[in-house]
1. Could you list all residues from the range 143-167 that are farther than 15 Å from S181 by Cα and among the basic types (K, R)?
2. Can you work out which of the residues in the range 186-198 that are under 25 Å from the mean Cα position of the chain (by Cα) and either more than 9 Å from D68 (Cβ to Cβ) or without any contact (Cβ under 8 Å) to a residue 24 or more places away in the chain (or both) is surrounded by the fewest Cβ atoms within 10 Å (Cβ to Cβ)?
3. Out of the residues in the range 232-249 meeting the condition of being surrounded by fewer than 19 Cβ atoms within 10 Å (Cβ to Cβ) and farther than 20 Å from N152 by Cβ, tell me which one is farthest from the chain's Cα centre (by Cα).
4. Output the number of residues of the range 281-299 satisfying the condition of being outside any strand (DSSP E or B), buried (at least 18 other Cβ atoms within 10 Å of the Cβ) and either under 17 Å from the mean Cα position of the chain (by Cα) or free of Cβ contacts under 8 Å to residues at least 12 places away in the same chain (or both).
5. For residues that are β-branched (V, I, T) and surrounded by 21 or more Cβ atoms within 10 Å (Cβ to Cβ), tally how many sit in the range 199-231.
6. Out of the residues in the range 63-91 that are in contact (Cβ under 8 Å) with a residue 24 or more places away in the chain and of a type in the set (D, E), state the one that is surrounded by the fewest Cβ atoms within 10 Å (Cβ to Cβ).
7. Kindly check whether there is at least one residue in the range 249-262 that is among the hydroxyl-bearing types (S, T, Y), assigned by TED's automatic domain parsing to the domain that holds I212, out of contact with any Lys or Arg (no Cβ under 9 Å at 6 or more places or on another chain) and closer than 23 Å to G169 by Cβ.
8. Output the number of the condition that R168 fails; it satisfies all remaining conditions of (1) closer than 18 Å to V264 by Cβ; (2) outside any helix (DSSP H, G or I).
Amino acid sequence: MKRFVAILVALLVLSTQSAFSEERTLNIVFIPKAGDQDFWKFMRKGVDRAVAESGNVRLTWRGPAYNDDTESQIAIVEAYTASDVDAIVVAPTDGVRLVPAVKKAAEKGIPIIVVDSGISARIYQNFIATDNYSAGKLAAKHLSELLGGRGNVVLYRTVKGSASTDERGEGFLAYLKEESSKLKVVADIYGGGSRGRSLRSALKLLKETLHIDGIFAVNESSSDGMLRALRESGLAGKIRLIGFDSTDYLLDGLRNKAIDGLIVQNPRQMGYLAVKAAIAAARKAPVKDVNIHTGTEMVTLGNLSRPEIQSLLKP
């Protein structure tokens with residue numbers, strides 16, 4: 001009888017400890033790429049929804065000011081590689097240079113969730129992002145159709161080392177090679193990680209390149225800079241432009257036919273799923289799907305007013 005009581009007490013203690021472990025507040029750190037783009041405002045909405053649903057998460061949101069400030073992002077990862085951190089969610093500005101800092105955190109037992117842009121080492125529990133290679137192919141297909149399958153085109157990138165945008169570029173080039181060989185790539189350049197740098201690079205490109213029929217800009221800052229440059233140069237609406245992500249300024253360009261299409265992601269869903277994955281990882285739940293894609297839509301003047309499109313355009 002005494003042995004039975006002892007076993008019962010032990011089971012009750014274990015049960016109580018387990019419940020406490022489940023209920024304790026988790027400290028989750030979310031490290032975005034930048035703070036100057038609407039994309040991250042969308043993502044923060046999804047993050048906040050996941051935190052509110054969970055009810056026992058303490059969120060730290062901290063990232064660099066611009067998506068080309070990799071040194072600052074590395075320093076942030078290092079600063080939060082601490083014993084009281086239960087999980088880190090990071091959107092790497094550079095998929096190679098971030099590896100040592102993220103690896104150090106993982107080796108200390110902190111679960112890592114990678115969101116939006118990949119990292120070149122398998123040191124994470126989940127990777128949640130757009131299928132960026134397919135999105136690049138979608139951009140090329142739409143631009144090819146607009147140009148009748150022939151002409152001079154530009155691939156306008158943002159910064160070297162950004163896995164997500166590099167994958168978009170590679171998908172774009174692959175489609176042209178496979179499906180639209182009469183479209184000639186006359187420039188493939190990196191314009192910089194901020195709107196200002198992108199604008200200056202785009203103005204220089206438009207001045208130095210004699211004949212351009214179409215452009216694919218791979219992210220929000222490159223799309224913004226290119227649209228401004230086209231307007232300043234008197235070329236808006238004359239050169240076909242496919243952009244990526246949405247802001248009020250880019251949507252104005254779409255409505256005024258200075259932009260012919262915007263590939264829009266679902267950053268709210270990325271943020272939401274990333275936090276849910278971080279909570280699960282912190283609680284050592286089994287991982288079902290390591291890689292999770294959240295979809296894209298090609299937004300044009302023709303489908304802009306549809307409710308399902310509008311839901312993707314407002315933070």
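The values are calculated or read from the model by the stated rules, or taken from the named source; none is laboratory data. Because the structure is predicted, anything quoted here is derived from the model rather than measured. Every residue, glycine among them, receives a Cβ derived from its backbone with ideal geometry; neighbour counts consider all protein chains shown.
1. Passing the criteria: R157, K160.
2. So the first thing to find is which residues in the range 186-198 are under 25 Å from the mean Cα position of the chain (by Cα), and the list is 187-198.
Remaining after also requiring either more than 9 Å from D68 (Cβ to Cβ) or without any contact (Cβ under 8 Å) to a residue 24 or more places away in the chain (or both): 187-191, 195-196, 198.
Working: A187: 15, D188: 13, I189: 15, Y190: 22, G191: 26, R195: 21, G196: 15, S198: 29.
Selected residue: D188.
3. E232
4. Start the filter on the range 281-299 by keeping residues that are outside any strand (DSSP E or B), which leaves 281-290, 294-296.
Still in the running and buried (at least 18 other Cβ atoms within 10 Å of the Cβ): 281-282, 294, 296.
Narrowing the set further to residues that are either under 17 Å from the mean Cα position of the chain (by Cα) or free of Cβ contacts under 8 Å to residues at least 12 places away in the same chain (or both) leaves 294, 296.
So the count comes out to 2.
5. Of the residues in that region, 2 qualify.
6. Across the range 63-91, the extreme among qualifying residues is D84.
7. Initial filter on the range 249-262 (among the hydroxyl-bearing types (S, T, Y)): 249.
From the residues that got through so far, the ones that are assigned by TED's automatic domain parsing to the domain that holds I212 too are 249.
Subset that is out of contact with any Lys or Arg (no Cβ under 9 Å at 6 or more places or on another chain): none.
No, the range 249-262 contains no residue that is among the hydroxyl-bearing types (S, T, Y), assigned by TED's automatic domain parsing to the domain that holds I212, out of contact with any Lys or Arg (no Cβ under 9 Å at 6 or more places or on another chain) and closer than 23 Å to G169 by Cβ.
8. Every condition holds for R168 apart from (2).
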